[in-house]
Each structure stands twice: as C-alpha cells, then as structure tokens.
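Colleague: What follows is a structure written as structure tokens; I'll ask about it next.
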Protein chains: 2
Amino acid sequence: MIPFNKPFLTGKEGHYIYQAVLSGKISGDGIFTKKCQDFFEKKYGFQKCLLTTSCTDALEMAALLINIVPGDEVIMPSYTFVSTANAFVLRGAKIVFCDSRTDHPGMDEDTIEPLITDKTRAIVPVHYAGVACDMDKIMDLAARYNLYVVEDAAQAVDSYFTGKDGVARPLGSIGHLSAFSFHETKNIMAGEGGMLVINDHQFLERAEIIREKGTNRSKFFRGEVDKYGWVDIGSSFLPSDIIAAFLYAQIENIGDIQRRRSEIWNVYYEKLLPLAGKGIIGLPVVPDFATNNAHMFYITLPDLQARTALIAALKSSEISAVFHYLSLHKSPYYESKHDGRELPESDRYTDCVLRLPMYYELSDNDLDLITGVILNHFA
Amino acid sequence: MIPFNKPFLTGKEGHYIYQAVLSGKISGDGIFTKKCQDFFEKKYGFQKCLLTTSCTDALEMAALLINIVPGDEVIMPSYTFVSTANAFVLRGAKIVFCDSRTDHPGMDEDTIEPLITDKTRAIVPVHYAGVACDMDKIMDLAARYNLYVVEDAAQAVDSYFTGKDGVARPLGSIGHLSAFSFHETKNIMAGEGGMLVINDHQFLERAEIIREKGTNRSKFFRGEVDKYGWVDIGSSFLPSDIIAAFLYAQIENIGDIQRRRSEIWNVYYEKLLPLAGKGIIGLPVVPDFATNNAHMFYITLPDLQARTALIAALKSSEISAVFHYLSLHKSPYYESKHDGRELPESDRYTDCVLRLPMYYELSDNDLDLITGVILNHFA
C-alpha cells in the first residue's frame, strides 16, 4: 500500500525530546519553542514568530488580534480548509467567499474588490499548495481600503512571492499576520502544530498576552512586571515543548526535505506531462510571481466522474490518492449564510482536484508505479 | 537548586513516540490518543473522553457545547486559573465569582445559590489541589435551577468524591462536562495537554464535530457519511499523537506516580504538623467527602508579609516555592466587570497560599532540606 502521506523521523526527534525534558521545562515556550521561532525569524525575516498548537489556533489568534466583532466581514476563498473560515466565525464574522482563479485553486485576486464593503475588516489569502497568491494586488487593496491581510500560509513554508519591485519575499512575511501549519501532511511537521507570524509591530505585545491565556506572564518572566495577572481575553495557544523539540529536528533538515520533495514533484510533472499535453488532465500552474515549495502534487480531472474513476483505479493498485476541499459556500453550515453568488471555479476544484501521494520517503519505484497506473488508466 | 516542579520520563515515552510515527499517523486521534482515552474511560468510568491540546481548550469546548451566548452568566470561584473564566468570556459570558471556603481554597458551595439568576447557565466548580468540592450540593443546585455543571478537574486526576449515598465517584465523572489538564506540573503530564470528559449523552455527537474544526470527519472515518464537510462552529482541539504517546507512557505508571506523590505529601504533612499545631502555618484540609490525589502540597501563611519572608528564606537555600492564583475578581481585566462584592477568602488565599516543591523525583533528602528550612525559619 502506498499511502497518501507518511510522517517520518529525521533521526534526532527523540534526542531533542529527551533534551527538552532534561531542561526541566516541557510546557509552552521552552528551549525548543524558542529555537524553532528563532529559526523561522532568521531564515525568513519574519518579525516575530509564535508557535501554536495548530494553524487553526494561529488563525484564531489573528482573529482576536484584529479585534473581529459580530458583523465584521472577512473575505477569503471558498476553496479552503474549514479553519480558515471558522477562526473568524468564532468571533462573529460574516465570511464573504470569493472564487478561485481559473488556472489555480488560489483566490481570484481580481474578484476581491467588488466584495469590499464598509464592514470588511480583512482579506485572508490562502496560498494553495504553497503557491503564492498575487500579494501585490491583495496588499494594494488592503492599503486602499484600510484592511488587514492575514495570510493563511498553512501549506506555504519555504515558498516565495516576487512582486513588481522584483524582490522575492517569503510567504508569511507579507501580510500583517500569517499562520503556518505543522500538521503531519506538511513539509515540516509535528503531527499537529502551527505558528503565528506577526509582521505588524502593533500586534506584538497583545499577541504575547492572548497566547498566554490573557495574562502578562511573558512580561513577568522578562522581569518587566513583578507579578502577572489577567489583563485581556486569550487562550492557551502554546504547544508543549515536546512538539517543538520534534519540530526542531525536522526544521534542521529542511534543506534535504525540500530537495527530495522537489525531486518527487518534478518526476510527477514530467511523467504526467504527456497526458496534460493531450488535454486529459490538468497539471499544477505556478505563476511567474510564485515559487513551488513542493508541498503538494495535484492534478485536475475534467469532472467528478473522471476523478472518481481514477481514484478507484489507483486504489485497486493499493495507491491512496485523495480529493481536497469542498466549497465552503455550499457547506451545510454556511450555505444559508452565503449571499448566493455562484463560485464556479471553487466548485470545479471541489469536483476535479486529485492529490497524489507526496512525502519524503516516497521512493522512485513508488513514483514509477503511481505514474504508471495513471498513464495506463488513460491509455 | 530544588525547583518547584520537574518533569520526568517514565522510560517509554520515546519508544511510544516512535511507535506512533511507525503507525503512519501522528496527527490528532491516532493510536495513542485512543489508548489514552480508553484508559481513562475504563479506569474512571467516564462516558466519553476526548484528548485536547490543553485543559483551557477542553473548557472552551465545554463553553461551545453548552451554547454560551453573550449575556449568559457562569458561576465559578474567583480563586482559580484564568482559563476557567476566559473559556466562557470568549463566548460572551458574564462571570459571577464566588468566594472560597474558609477551610479550603475551593469554592464555598453555600454561597452559590444567592448568585443564581435567570441568566445563569452553568456552575464551574474547581477541584483545587485535586480535592473535591461538595458535588452533592452543587449537583443539587444544578438540578433545581436547570444549570449545567462543568467540573474544572485540571488538578484532579485520580481523585474522588463520596456523596451522601456513600458511593465514591471519580472527580470528572459527576458534572455534565469536565476538563482535565496534562500540563507539566500535573501528576500525569505531557508538557501541555488536556482532556474533555463528557458525562451527558446529549453532547457526544456535537463534541466530536466541534473538536474536528466543525466538521463531521469522525463520522466519515467510521463510514457513517460518504464525505465530510463544515456542519458547525469548531476549532482544532486535537493534540498531536506525539503528545498522546508521551502521555500514555506516563499513564501506564499512574500507580507508581501516585504512590510516590502520596509519600512526599505525607512527609510534608507530618514534618510541618508541629508548626500548624502552634498556629504558625495552616496545612491542607481534605474534607471527609474528598480524597487527596497528592497533586499539590501547599501551606497557608498568616499574611502576605509572612509568605514573602518564607519564600525568600527558601530561595536563599535554593528552594523554589511559589504562590498561586490572584483573585480574578480583582484582576485588571475583570475588576470593572465584577459586581463589587468582597470575596475575602479568595483574597486571603491570594496572599497566603504557598506551594512547596512537588514532583515524582523529589528525594527524601530534598524533603528533609525543604522542611528543615521551613522549621528553622520559624524557630
């Protein structure tokens, strides 16, 4: 059986967890939490990183930080994970869904502006498959309408956007706030885990408080106050240092991980190119302004029936390939709250995207087998 | 240096984490999450256990499950951790704080009834130091006024309440919902971690959904629906299976851990009894209806000055002893929202409680040293 995903050990996870325990502190903000945060701040130039228990929690922190209140509107793609929306719904926001691009499941940046009202507070671009949205367009809208941008960078570690100024900026460093995931399907992972990135200075102090259950405990530990207490709303967003220790072992190998994932991605692309040439399947598009972090290899089928048939063919060869999101504007929870606009591209990706197995330990033989089954299926 | 707390390894944590990775799934609800949940359900007769990333998150799940909306009132002690309150404040609740007992920091059950209004939705007893509140009184009020009871059992693993019927019931099994903590200071721990216990059948189905980001994914994995989608609000409350694997190694040793902690607790008690006999300090009281799970050993000093002096004396002998909560009704965040009632016992515990080092690996020599410093200090 070739699974869709397989977590792996780089080798030092156990050793680092042991070190964390020896340090005498494995609750949140221990030595490995700081090591992970430092790594991301230095490598990608993020102003401040705060590990969280999940990307969902990082998005919830973002919703608290930008002070979402009932009635506020937040614009995001319908083709995304439920947490992108739920984090803002929990604070009472109305979600205004926009459609995906025709060439890519990411949000169609040109459809955002007409959705902006005087209640709009934020735009949440989702960098699908780690491929950047056009952040020039989105940041320009945010500046003109005085909106916040929260990047859902769940899949976007080690990926870049190059704007009109020619500068390649890491995804997660462009919006006011950004959220990353270290869920086990991600390039760098800890089973469950996430990170909030703060690029706008105004949020730094309150983020520490909200993450520490609404207390000024971080200030206390820095000696800036002589006792700490309840000063704001908040939650427990800190992961155990066991998670951070595990994550750090992965982070140290990010170069090797990214190299291998890119190889896998390129093999898929090259072997399946003939099918795309004949118009039988669609292959991922990486716009000129984006890079490919090899988070995911997906193909698009012409319709739901074709996808279902290919999933079955792969399954009969013991290969697990999986579809992805269902349009949130048509979900049982949100359909009646949606404004009724059709979002045909989102619905198309709902029916037609198929994700192929993608993980570090996927072998060249596995790749031959998978691509062989697909080529045969259409032969 | 004798720290206040020291996490320790039972020996199999690394092995179980390795097993979790080999299983191919270390995201939430993996094999060790199920093992932990099964353990608690069987050992303590909890109807349903769901691991969470923290006790805070378990309390937040409880607030979502009982449908707290703005304006609802929730009664709880002022002398508690900030999360007890924050979890409900995040949903818009007004917190109505009650005072502590004179003999114990737990809520004074006899002061609850006058605080109940037609807006009251829930009572949240906190089993301070793992010592039960009088659950007969609390459950009786809940039944008469149609309120929910959410036990904050953060510190209360492996502790019991014996009611008028003479039956010893595990804490966490009595309220409609209960929340446990596996923070590193707890008897059984994973750095950060928690668990929601569901004792009222009506919450079972929705709890699964809320914990899975508002989706019916659990039903999907059981084959009860053919795809899963967004059906409700929710968040990502599931911990990584790495956390569960670590926790399971601790759980397996619960008997040994509890035995050693009880020994430590009893040594403290016996050595300090003469000081209590002279009225110099107060020792913990365990009411007849409660058991002592040896979560914490605290003493009470006559006033803040006496406590500060003893902390300093211990510190000069390289012993870390720490105070505990600050009355939430006087916190910067809540003081202006509180109704102005004085809660003198809560304020007294704020000033006078001192917690002594308590952890599995605390040696008999350490105990001699700590109690020696305290006895000398008052000689």
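The values are calculated or read from the model by the stated rules, or taken from the named source; none is laboratory data. Computed from a prediction, not measured in an experiment: that's the story for all the values here. Counting neighbours? That spans all protein chains shown, and the Cβs are built from the backbone with ideal geometry, glycine included. The protein model used for the area step is the full one, side chains on, heavy atoms only, and it has no ligands, DNA or RNA in it. Shrake-Rupley method; radii C 1.70, N 1.55, O 1.52, S 1.80 Å.
Colleague: For segment A:2-23: of the residues being within 24 Å of B:THR185 (Cβ to Cβ) and open to solvent by 20 Å² or more (accessible area, probe 1.4 Å), which is farthest from the other protein chains (Cβ to nearest Cβ)?
Modeller: Among them, the one singled out is A:GLN19.
Colleague: Ok, one more. What is the one condition in (1) within 10 Å of chain A (Cβ to nearest Cβ); (2) of a type outside the set (Gly, Ala, Ser); (3) free of Cβ contacts under 8 Å to residues at least 60 places away in the same chain; (4) farther than 24 Å from B:GLY234 by Cα that B:ILE174 does not satisfy?
Modeller: (1)
Colleague: Shifting gears a bit: Would you check if there is a residue in segment B:266-280 being buried (at least 21 other Cβ atoms within 10 Å of the Cβ) and outside the structural domain of B:ALA132 (by TED's automatic domain parsing)?
Modeller: yes
Colleague: Which of the residues that make up segment A:327-357 are under 18 Å from A:ILE299 (Cβ atoms) and open to solvent by 10 Å² or more (accessible area, probe 1.4 Å)? Can you show your working first?
Modeller: So the first thing to find is which residues in segment A:327-357 are under 18 Å from A:ILE299 (Cβ atoms), and the list is A:345-357.
Scanning segment A:327-357 gives A:GLU345, A:ASP347, A:ARG348, A:THR350, A:ASP351, A:ARG355.
Colleague: Which helices (runs of 4 or more DSSP H) does segment B:24-121 wholly contain that include 1 or more residues that are away from chain A (no Cβ under 13 Å) and open to solvent by less than 10 Å² (accessible area, probe 1.4 Å)?
Modeller: It comes to B:31-44, B:55-65.
Colleague: Can you pull out the residues in segment A:238-257 that are more than 9 Å from chain B (Cβ to nearest Cβ) and either open to solvent by 20 Å² or more (accessible area, probe 1.4 Å) or among the aromatic types (Phe, Trp, Tyr) (or both)?
Modeller: A:TYR248, A:GLU252, A:ASN253, A:GLY255, A:ASP256
Colleague: I've got another one for you. Would you call A:VAL225 assigned to a loop (DSSP other than H, G, I, E, B) and either within 11 Å of another protein chain (Cβ to nearest Cβ) or in contact with an Asp or Glu (Cβ under 9 Å, 6 or more places away or on another chain) (or both)? Spell out the reasoning first.
Modeller: Details: assigned to a loop (DSSP other than H, G, I, E, B): yes; either within 11 Å of another protein chain (Cβ to nearest Cβ) or in contact with an Asp or Glu (Cβ under 9 Å, 6 or more places away or on another chain) (or both): yes.
Here the answer is yes, as A:VAL225 does meet what is asked.
Colleague: Return the total of residues in segment B:318-349 being within 30 Å of B:GLY372 (Cβ to Cβ) and not aliphatic (A, V, I, L, M).
Modeller: 7
Colleague: Under the condition of being among the charged types (D, E, K, R) and in contact with a helix residue (DSSP H, G or I) (Cβ under 8 Å, 6 or more places away or on another chain), which residue from segment B:269-326 is nearest to B:CYS98 (Cα to Cα)?
Modeller: Of everything passing the filter in segment B:269-326, B:ASP303 is nearest to B:CYS98 (Cα to Cα).
Colleague: I'm trying to understand the selection: among the residues of segment A:153-174, which are part of a strand (DSSP E or B) and farther than 9 Å from A:THR291 by Cβ? Don't jump to the end; show me each part of the working.
Modeller: The first filter runs over segment A:153-174 and keeps only residues part of a strand (DSSP E or B), leaving A:160-162, A:168-170.
If the condition is that a residue be part of a strand (DSSP E or B) and farther than 9 Å from A:THR291 by Cβ, then A:ARG169, A:PRO170 are the ones that fit.
Colleague: For segment A:131-148, what are the residues that are out of contact with any Asp or Glu (no Cβ under 7 Å at 6 or more places or on another chain) and surrounded by 24 or more Cβ atoms within 10 Å (Cβ to Cβ)?
Modeller: Selection gives A:VAL131, A:ALA132, A:MET135.
Colleague: Right, here's the next one. Restricting to segment B:197-222, give me the number of residues that are farther than 11 Å from B:LEU65 by Cα, within 14 Å of another protein chain (Cβ to nearest Cβ) and of a type outside the set (Gly, Ala, Ser).
Modeller: Here the count works out to 8.
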